[in-house]
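The values are calculated or read from the model by the stated rules, or taken from the named source; none is laboratory data. Keep in mind it's a predicted model, so treat the numbers as computed, not measured. No Cβ is skipped: glycine too gets one built from the backbone with ideal geometry, and neighbour counts run over all protein chains shown. Just the protein is used for accessible areas: all its heavy atoms, side chains included, with ligands, DNA and RNA removed. Shrake-Rupley method; radii C 1.70, N 1.55, O 1.52, S 1.80 Å.
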Amino acid sequence: MKNCPACGQPRVGDQLKCPDCDVFYSQLDEILFAEQQRIEQQSIKGQLRKAWAAADRQQALADYLGSSWRSTPLSTKISLWTIMAFIFVLVFGVLTF
């Protein structure tokens, strides 16, 4: 759609909403906007923005990190612990000699 269905203002660029009346240009634009918002909220960047906007930032960040760790697969956790143990052994070996 080239014009806003509510006010008739011409569309500028790839905007999904009319800047004057805040109405979507088409139903497809509305669906794309909702999907874009959902993806943004589920991304790490979106989760960190949500934690930053919370009243208690430290608790919100701790909750996010806790939920991320709980949702991490067991094989990934085992791999991370193995890598950290290997690095610890290497650093400890270098420091003792």
Which order, highest average first, do 54-65, 83-94 follow once you tally other Cβ atoms within 10 Å for each residue and take the mean per peptide? 54-65, 83-94
Considering only protein heavy atoms and a probe of 1.4 Å, how much of the accessible area of region 17-76 is carbon and sulfur, as a whole percent? 58 percent
Using the C-alpha atoms of region 17-97, what convex hull volume per residue, in cubic angstrom, is computed? 165 Å³
Comparing 66, 46, 13 in a Gaussian network model of the chain (Cα, 10 Å), the one with the largest mean-square fluctuation is 13
Residue of 81, 69, 52 that the Gaussian network model of the chain assigns the largest fluctuation, springs spanning Cα pairs under 10 Å: 81
Backbone N within region 4-21 under 20 Å of label point (7 Å from residue 43 Cα along the Cβ vector): 14-17
Spacing of the two label points (7 Å from each Cα toward its C-beta) at residue 92 and residue 64, in nm: 3.3 nm
Would you mind calculating the gained length between residue 81 and residue 30 on full extension (0.36 nm times residue separation, minus the Cα-Cα distance), in nm to one decimal? 14.0 nm
Check every DSSP H run in the chain and write down those whose alpha carbon atoms cover 15 angstrom or more along the long axis and whose mean Kyte-Doolittle hydropathy is 1.0 or greater. 74-96
